[in-house]
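Here's the structure we're looking at; comments come further down.
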Amino acid sequence: MRKLKFAVAAFAVLGSVLPSAAEVFPRASSPEGSVIARKSGEEIRFIEIDAWRTVEVNQDLLAGDVLRTNATGSLALLFADDTQMRMGRNTALLVKKIGQDSDSQLSLQSGVIWARAKRGGSGLTIETPAAAAAIRGTDWTLRVTGNGDTTLSVLEGSVELKNAQGSVTVNQGEGAFAAIGQAPRKYILVNLEEREQVLLYTELRGAFATLPVTGMGGRETRARRDAILAIAPARRSNEDWVALAEALLSSDGRAAAKDALAHLRRPLPAGLEARAKLVEAMIAGQELRYTEASRLFAAALPRLPLDRRVAAVFGRWFANALAHPDRETPPPPAENAYADDPVAAMARATATAHVLGQAEAINILKAAEERFPNDARLPAMRADLAFQLDRRDEVREALARARAIDPEEPAYLLVNARFRATVSSDLDGALADLKRATELAPGDDAAWNELGIVQSDRNAVVEADAAHHRAIELNPENAALHANYARFLMDNDQIAAAKAEIDKAEALDPRSYAVLAAKGRYLLRIGKTEEGEKTLLEASAVNPTYGDSLIGLAIGSYQLGAEEEAAQALDNADRFDPDNPSISPDPLRHRP
């Protein structure tokens, strides 16, 4: 049976929330909702204070509060009636009333929201400049443009969109449009890509491990690494040690790269020192030392060769974005002296996935593949992003292209293994890919994490435990790795050890949906069912497509006697993860 766990992406880690330094504003009355997760630059205007301020995770919400996001921000909200909501970029939302026993009311002033409400729960009305949406359904999105035009898409359930000129009832698989002064009109949704509508986002820190700094392609980098390792350490020059550190950074991990740098005989020529500083900057970024990383990138940049400057330019932007998540700093422009480089395309795609989403990043990679048709890293990265959006045909096409160029590219092997295990249930094929990936890149924590999942699915408990240990050893700052290991430990009845891993994950990123899902499962396991269900609701609000938390939510709801909510959670899990055999047909889901 496939046990769905959190997959660490090859080029970015999904689902982590950037930290912030401001404080939660205390409220005098019982909250009507709360902020579950945020990204960067989001603000709130409290009903008590006529001024905008940064909104924090765990902030309680009351009627009269206004929330808004900027060009890079997004918010996950959970209301008192258990409605889960995601606010997209450039969105403003007024909380008017949240009632558990009566209709709730919100006002979407601009932007886009996605929401999921309980089946059979109280109603919800969303007002927009052009119409009002009377929600009696579950999953839906609502978008308001700058001139007030309103677009509704219904993924499940039924919604009435109405204004003074008329009304339409919009059911599952349908949509509607309303302009100011015009009656709403309905249309049928075609090829609805649900995963894009739930506003997934990425963490930038993974780029410090995956962004190449060698100035060469993947195959050439591997050959250079092997050639230097064949030289006796005492005979290696400073040039050899720097080149080895560059190559080892993405293949063998930061510890191996640090060891290579420790062998340098300083002082170094300016160009060689700049290359060493670039590696040191990437290591600092991996270790959450973002301010130091930014300083090192800046120091390295003037003396770097042209083929390595793009890594420093984007690395510095990544570091600054992570050090100051609420500052709006646009990514480096595409038009510059080093733009015509495959690494530039990879860096731009990573930044774009963070700011605008995976679909826009895929477009960048497609264009880059035409200019650099012999670089397997580009289609491998595109396959990874397409996998996150569940574009399976595109995943297959991109993987085939990467395989034809370089079947030994570790990034290709990782995504191919994940696709084989998740979509095709080909665990033996996935295992072969992952074993080869960890041979070629023994420092790739994402590959070891995936290997742990696959070995667990094969009931190879000892091997799975060793793989999870290795992943955490390579990247102890990654909360998802600890959460996955906690899930593995719970599967094997190691409850105390699982709690220790959950505590570590929470200390790193308490609002990650991987962490919340693991914590929710743990709470269910120890009998704290109501607390576990609430935690799993929060996980689902952060990422509504995450099948693992939806399955856990179904378990918790069923244990509490809420059969309708359990059926809804299973239906949602089945919709977003249709190949997961854990979601079997159940009479609860098909009652009249």
How much length is gained if the chain between E287 and K435 is pulled fully straight, taking 0.36 nm per residue apart and subtracting their Cα-Cα distance, in nm to one decimal?
50.6 nm
Taking the Cα centroid of region 552-571 and of region 399-474, what is the distance between the two, rounded to the nearest whole Å?
33 Å
Label model pair R327, N147: point-to-point distance (7 angstrom along the Cα→beta-carbon line) in nm is 3.8 nm
For a Förster distance of 22 Å, can you work out the FRET efficiency between the beta-carbons of R266 and R235, rounded to the nearest 0.05?
0.75
Pairs of Cα atoms under 8 Å, at least six residues apart: use those to get the relative contact order of the chain, whole percent.
12 percent
Relative contact order for region 397-484: what is it in percent, counting Cα pairs under 8 Å that are at least 6 residues apart?
20 percent
Once both labels are modelled 7 Å past Cα along the beta-carbon direction, what's the S29-A500 spacing in nm?
4.7 nm
Determine the principal axes of the Cα atoms in the chain, then give the extent along each, sorted from largest to smallest and rounded to whole angstroms.
80, 50, 46
Taking R205, R396 and counting other C-beta atoms within 10 Å, the order from fewest to most:
R396, R205
Only loop residues by DSSP count here, and only those with at most 16 other Cβ atoms within 10 Å; note down the GluC sites (Glu not before Pro) in region 304-393 that meet that.
E328, E335
Neighbour-count ranking for I98, I526 (other C-beta within 10 angstrom, fewest to most) reads I526, I98
If we count other beta carbons within 10 Å of each Cβ, what is the order of V112, V462, V542, fewest first?
V462, V112, V542
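Throughout, read-outs are computed from the coordinates displayed, never taken from laboratory work. Please read these numbers as outputs of a predicted model, since none were measured by experiment. Neighbour counts are summed over all protein chains in view; Cβ atoms, including those assigned to glycine, are modelled from backbone coordinates with ideal geometry.
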